[in-house]
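The values are calculated or read from the model by the stated rules, or taken from the named source; none is laboratory data. Just so you know, these numbers come straight off a predicted model, no measurement behind them. Here Cβ is always computed from backbone atoms with ideal geometry, including for glycine, and neighbour counts include all displayed protein chains.
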Amino acid sequence: MGEYGTYDPASVRPGAPDRVPPAGALVDSDGNVLPTFDQRHTEPFEGLLYLGALTKTFTWLGHSFVLRTLGPDEQLAIALLVKPYVGTAGEQLAYTTAIAALATVSVDGEELPTPIGEDSQLAEWAHARFNYVKKNWFGFTIAQVFQEFLELEHTVAQVVEAMGKAFGPTDSTPGSNGASE
């Protein structure tokens, strides 16, 4: 099994002569510096861990938007929203509109329209939001919300990557039982 260093390129690597662990570093019984989680990602990590989603607030043309990452159900709902547009010139616009509609939590503190009733299905909720954004927002706003969403997703990717680095490589792939064939 290999050794793992810290994520600070300026720090001394394991195996280097006369190494001194960085202040606050975790060290194993052999004096090797253990991998740590990049502190820049602590807050987003906690958002993913405890809430299952990250949120982001930004201002566009004097309006305050709150976005959040999407779960699998919402991602699948997007596929259904876009389906009538697949293969047409409007496919990309339908996709960006669906992302903007489902990822937007609120604009100026107001939530987007939601079907009334406790038994509202995800499909009804998604269609109501999609139709509202499609009907009421201009393309530039949809494009900006989509861009901000992509930046939020990039943050998620960075957090997941940092988690992987902090916890080191595994001998198996996701979904496998680790047994070799």
- Task: Return a yes/no flag: does the range 79-94 have any residue that is of a type in the set (Ser, Thr, Tyr) and in contact with a helix residue (DSSP H, G or I) (Cβ under 6 Å, 6 or more places away or on another chain).
- Result: yes
Scanning the range 53-78 for residues that are farther than 20 Å from residue 95 by Cα and not in a strand (DSSP E or B) gives 53, 54, 61, 62
Here the residues within the range 71-91 that are without any contact (Cβ under 8 Å) to a residue 24 or more places away in the chain and hydrophobic (A, V, I, L, M, F, W, C) are 76, 79, 82, 86, 89
Among 90, 52, 71, 47, the single one that is surrounded by fewer than 11 Cβ atoms within 10 Å (Cβ to Cβ) and either of a type outside the set (Phe, Trp, Tyr) or modelled with pLDDT of 65 or more (or both) is 52
